Amino acid sequence: MFSDKEIKKFKELETPFFYYNIDQLKNTLEKIKKASNKFGFLVHYAMKANANDKILQIIKDYGFGADCVSGNEVKKAVEIGFSPKKIVFAGVGKSDKEINLSLDADIFAFNCESLQEIEVINELAEKKGKIADIAVRINPNVNAHTHHYITTGLNENKFGINLWQLDNLFNLLKKTEHIRLIGIHFHIGSQITDLNVFKNLCLRVNEIQEIFINNQILVEHINVGGGLGVDYEHPDNDNFIDFEAFFGLFHRFLDLKHGQELHFELGRSMVANAGSLISRVLYIKKAVKTIFAILDAGMTELIRPALYQAYHKIENLSSTKAIEFYDVVGPICESSDTFAKTVQLPETKRGDLIAIRTTGAYGEVMTSQYNLRDIAPAVYSDEI
Ligand code: LLP
């Protein structure tokens, strides 16, 4: 829902742009902070969801850590002022340059995804006379029941170290003198809306912890990644995610050992609701079976529908006329540049303002300049 003041301002602005509702963002962050603090859990914000400076600054000010997946994200987290002791660095393909930069920054932990990566970090740390703190990402083979492109915790996925490699891992850790194992890391997928999936993860983590303990390894922290889903169908429903129930489930089912910390890496659930992509209708075109509403925003601003067949609610902010059906598309020269087919909208005309909702996560960060398009700017509710 947008206020009259917001819509009036949108009318004055060039489109497309990403709009962020800062109050809504803070509201969500407040809830997460309260619910995670209740159980003493630590949350690292998965920067890949939205790396916009202003959003990062706000998240940092709430005291969250940063979960990074590239050297540039580590650099950015440090620049924004996240404490290096709250920065984790994950990813299956960390380059030597990225590892060196993170060793220099003294980050909290590398979340390591393969045995070879541990060997390389060991070598690079040795050259610097440092000890690298690592968590090993274990692939728990738990089905996240989400889109196959964003499922990461199955044996067939490229992520993490598989369970049958654990003996090799334990042998390797005895030899790598510049590595200190401080954690076990998991992440099974994204946009998970069934909390039972997380319960299954907890039970699996407990089993996997036992394997480590049987090998005389007791780590300081367990990191269960992110993945908590949002309600794309009802963008104004801020109560869809019950953060207390989410963290409470881990409190109840994950068997933490004495003194052990539990870490999370939430991305989408922290920022998705706060963002919308605001666009204008360029043309209405009647075709044989449908009416196309052609927008000035496309897959260059929001690739999720084209890439994952993702649903984002589309609203016409300029019309209240009778309902029609439209295929809402962008201007890019690809048929996949379609936001949604057969959408019900009030009768729509050239110049109408269109909001594509819940784009705060994996929207602005995934933009491209394909077709040499301009980069869409960000507009913030507290600056209009
Ligand atoms: N930790 C790790 C290791 C991850 O790979 C991810 C997301 C997260 C945390 C944060 O997950 P979240 O809480 O945001 O679900 N571009 C896709 C999503 C890709 C997610 C990749 N990993 C999309 O638009 O749906």
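The values are calculated or read from the model by the stated rules, or taken from the named source; none is laboratory data. Keep in mind it's a predicted model, so treat the numbers as computed, not measured. Please note: Cβ atoms are built from the backbone with ideal geometry, for glycine as well, and neighbour counts cover all protein chains shown. All accessible areas refer to the heavy atoms of the entire protein, side chains included, with ligands and DNA or RNA removed. Shrake-Rupley method; radii C 1.70, N 1.55, O 1.52, S 1.80 Å.
What does the extension gain come out to for K5 and E79, with contour length at 0.36 nm per residue minus their alpha carbon separation? Please list the in-between numbers first.
Numbers: separation 74, 0.36 × 74 = 26.64 nm, distance 3.40 nm.
Gain in length upon complete extension: 23.2 nm.
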Stretchable slack from N214 to K349, in nm (0.36 nm times residue separation minus alpha-carbon distance): 41.9 nm
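Can you give the relative contact order of the stretch 22-272 as a percent, counting alpha carbon pairs under 8 Å and 6+ residues apart?
On the way: 449 pairs, mean separation 54.1, N = 251.
Computed value for the stretch 22-272: 22 percent relative contact order.
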Exceeding 18 Å between C-alpha atoms, which entries from my cross-link table qualify? They are K130/K175; K85/K175; K26/K313; K60/K97; K33/K313. K85/K175; K26/K313; K60/K97; K33/K313
Degrees, to the nearest 10: 195-214 long Cα axis against longest axis of the chain: 20
At a Cα cut-off below 17 Å, give the aspartates and glutamates reachable from K127, other chains included and same-chain residues fewer than 8 away excluded. D96, E98, D104, D106, E117, E119, E177
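Per the helix-only calculation at 222 nm, which mean residue ellipticity applies to the chain, given -39500 (n - 2.57) for every DSSP H run of n ≥ 4 and division by its residues, nearest 500 deg cm²/dmol?
Details: 11 runs with 118 residues, N = 384.
About -9000 deg cm²/dmol.
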Compute the acute angle (0 to 90°) between the alpha-carbon long axis of helix 243-253 and the principal axis of greatest extent of the alpha-carbon atoms of the chain; round to the nearest 10°. 30
Dipole of the stretch 78-129 (Lys/Arg Cβ +1, Asp/Glu Cβ -1, origin at the Cα centre): which of V78, G93, L124 lies farthest to the positive side? V78
With every protein chain present, what accessible area does K158 have (1.4 Å probe, heavy atoms only), rounded to the nearest 10 Å²? 140
Net charge of neighbours whose Cβ lies under 13 Å from the Cβ of T367, counting Lys and Arg as +1 and Asp and Glu as -1: -1
Net length gained if the chain between N168 and Y149 were fully extended (0.36 nm per residue, minus Cα distance): 3.9 nm
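Nearest 20 debye, what's the magnitude of the dipole of the stretch 253-305 about its Cα centre given +1 on Lys and Arg Cβ and -1 on Asp and Glu Cβ? The partial results should precede the final answer.
Values: 7 positive and 5 negative charges, 112 e Å.
Computed about the Cα centre, the dipole is about 540 debye.
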Angle between the Cα long axis of helix 115-127 and the longest principal axis of the chain, 0 to 90 degrees, nearest 10? 70
With charges only on Cβ, +1 for K and R and -1 for D and E, what is the dipole size of the chain about its Cα centre, in debye, rounded to 20? 280
Taking the Cα centre as origin and putting +1 on Lys and Arg beta-carbons and -1 on Asp and Glu beta-carbons, what dipole magnitude results for the stretch 74-143, to the nearest 20 debye? 260
Are there any GluC sites (Glu not before Pro) in the stretch 244-294 that are in a DSSP loop and have at most 14 other Cβ atoms within 10 Å? List them by number. none
Picking from L29, G40, S3, whose Cα lies most toward the positive end of the charge dipole for the stretch 1-63 (charges on Cβ: Lys, Arg +1; Asp, Glu -1)? G40
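In percent, what relative contact order does the stretch 153-229 have, based on Cα pairs under 8 Å that are 6 or more apart in sequence? Don't skip to the end; give the middle numbers.
Values: 52 pairs, mean separation 34.2, N = 77.
About 44 percent, as a whole number.
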Set K286/K321; K8/K285; K94/K174; K31/K199, cut-off 25 Å on Cα-Cα distance; pairs above it are K8/K285
Among F64, Q191, I284, the residue whose Cα sits farthest towards the positive end of the charge dipole of the chain (+1 at Cβ of Lys and Arg, -1 at Cβ of Asp and Glu, taken about the Cα centre) is I284
Give K54/K75; K48/K158; K11/K48 a once-over and call out the pairs whose C-alpha atoms are over 27 Å from each other. K11/K48
Summing +1 for each Lys or Arg and -1 for each Asp or Glu, what net charge is found among the other residues whose Cβ lies under 14 Å from the Cβ of D167? +2
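When a/c reaches 1.5 or more, the comparison of a/b and b/c decides; with that in mind, is the chain rounded, prolate or oblate per its Cα gyration tensor? Can you show the working numbers first?
On the way: a/c = 2.07, a/b = 1.99, b/c = 1.04.
Prolate, because a/c is 1.5 or more and a/b exceeds b/c.
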